[in-house]
Amino acid sequence: MGLSLFENSREINTNSAVMMVEDVLIALGHFVNDCRVEDPQATRAWRVSKGSAQVSIQIIARADHPHLRVTSAVMRLTAGGDPAARADLHADLLSRNGELCGLAFAARGDQVLLVAERSTLDLDRSEVLDLIRRVSDHADAVDNALVASYGGTLGGTP
């Protein structure tokens, strides 16, 4: 049986987003074949580095439309660390979120992430470039300072 019109438009939208991501990665100086990774949570995924930051780029399925999600694990908290220091870190991150545009700090387990996500509907190349640059530049700018201030280690793979 053939694809319904809706399923076909999702596939076209996803393929377009993949082509834009790979075009941007090439423009940023990355070798696309080296960036592609398997990710069971994503339709397609890539991983790149910017300084000390590791950045994950994913096309993920959502109910409405596929989304482009760019994340970087900026730090990993020490297990069993000082609860007061953890509370101070979380307060600092919430305060920093108020100053950010188009991305936010989040927590996943013991990792502190920078996250930007957008629907691929009407996505254009400049937006893909902006999301990747915004996350990678900011993650690289803050990761070492956060570790120095609150302990833990650099984040590694998001």
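Things worth noting here:
- Unit charges on C-beta of K, R, D, E only; dipole of the chain, Debye: 160 debye
- For the chain, complete DSSP H runs whose alpha carbons reach 27 Å or more along their own long axis and whose mean Kyte-Doolittle score is -0.5 or higher are 5-27, 125-150.
- The dipole here belongs to region 1-76: it is taken about the Cα centre, uses +1 on the Cβ of Lys and Arg and -1 on the Cβ of Asp and Glu, and is about 320 debye.
- In the chain, helical runs assigned H by DSSP with n ≥ 4 each contribute -39500 (n - 2.57); averaged across all residues and rounded to the nearest 500, the mean residue ellipticity at 222 nm is -14500 deg cm²/dmol.
- Farthest toward the positive end of the dipole of the chain, out of S136, S56, S95, is the Cα of S56, where the dipole comes from beta carbon charges about the Cα centre.
- Gap separating the Cα centres of region 120-157 and region 63-89, nearest whole Å: 12 Å
- Potential extension, A84-N97 segment - 0.36 nm per residue separation minus Cα distance: 2.7 nm
- Among D140, D110, D122, residue whose mean-square fluctuation peaks in a GNM of the chain (springs only between Cα atoms under 10 Å): D122
- Using C-alpha pairs below 8 Å separated by at least 6 residues, the relative contact order for the chain is 28 percent.
- Dipole magnitude of region 109-158, debye to nearest 20 (Cβ charges: Lys/Arg +1, Asp/Glu -1, about Cα centre): 60 debye
- Exposure ranking of L154, L131 by accessible area [1.4 Å probe, largest first]: L154, L131
- Summed over the residues of the chain and divided among them, the accessible surface reaches 53 Å² per residue at a probe radius of 1.4 Å.
- Among the listed values [x] 25, 17, 15; [y] 31, 16, 14; [z] 23, 16, 16, the one computed from these coordinates for semi-axes √(5λ) of the Cα gyration tensor in Å is [y].
- Averaging the sequence gap over all C-alpha pairs within less than 8 Å and six or more residues apart, then dividing by the number of residues, gives region 94-158 a relative contact order of 25 percent.
- The accessible surface of the chain, taken with every protein chain in place and a 1.4 Å probe, is 53 percent carbon and sulfur.
The values are calculated or read from the model by the stated rules, or taken from the named source; none is laboratory data. As the structure is a computational prediction, the values presented were derived from the model and not from experiment. When we count neighbours, we look across all protein chains shown, and the Cβ atoms used for this are built from the backbone with ideal geometry, even at glycine. Protein only, heavy atoms only, side chains kept; ligands, DNA and RNA dropped before computing areas. Shrake-Rupley method; radii C 1.70, N 1.55, O 1.52, S 1.80 Å.
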